[in-house]
Amino acid sequence: MAYKISDDCISCGACAEGCPVSAISEGDGKYVIDADTCISCGACAGVCPVGAPSED
Ligand code: SF4
Ligand code: SF4
């Protein structure tokens, strides 16, 4: 039930800054969400300029 970041990610970092549980980190070519840490609050989807995060 965690959120996931698609390949549309442009690595702006906005989601990582806004995540309340620091579940997002910079990965290879895009940002990635640690599914075990994510609490599915939806904040990342709200701040992302390209709509990359969505519920898995
Ligand atoms: Fe973090 Fe919330 Fe996005 Fe999960 S849904 S990665 S907890 S901002
Ligand atoms: Fe990628 Fe969107 Fe996060 Fe920016 S806010 S790093 S584009 S997922």
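Which residue pairs have Cβ atoms closer than 8 Å, lie 6 or more positions apart in sequence or on different chains, and pair a first residue in the range 33-47 that is on the phi < 0 side of the Ramachandran plot with a second residue that is among the charged types (D, E, K, R) and in a loop (DSSP other than H, G, I, E, B)?
What qualifies is ALA35/ASP56.
Against the conditions (1) near ligand 2 (Cβ under 6 Å from one of its atoms); (2) of a type outside the set (D, E, K, R); (3) modelled with pLDDT under 95, where does MET1 fall short? Just the number, please.
The number of the failed condition is (1).
If PRO49 passes every condition in (1) within 9 Å of ligand 2 (Cβ to nearest atom); (2) surrounded by 13 or more Cβ atoms within 10 Å (Cβ to Cβ); (3) part of a loop (DSSP other than H, G, I, E, B) but one, which one does it miss?
(2)
Need pairs with beta-carbon distance below 7 Å; first residue aliphatic (A, V, I, L, M) and within the range 3-15, second part of a helix (DSSP H, G or I); sequence gap 6+ or separate chains.
Taking only residues 6 or more apart or on different chains, the pairs are ALA14/VAL47.
Kindly provide the set of residues from the range 5-46 that are within 9 Å of ligand 1 (Cβ to nearest atom) and either outside any loop (DSSP other than H, G, I, E, B) or touching a Leu at 6+ places or on another chain (Cβ under 7 Å) (or both), ordered by number.
Residues satisfying the conditions are ILE5, CYS15, ALA16, GLY18, ILE24, ILE33, ALA43, CYS44, ALA45, GLY46.
The values are calculated or read from the model by the stated rules, or taken from the named source; none is laboratory data. Computed from a predicted structure; not experimentally measured. No Cβ is skipped: glycine too gets one built from the backbone with ideal geometry, and neighbour counts run over all protein chains shown.
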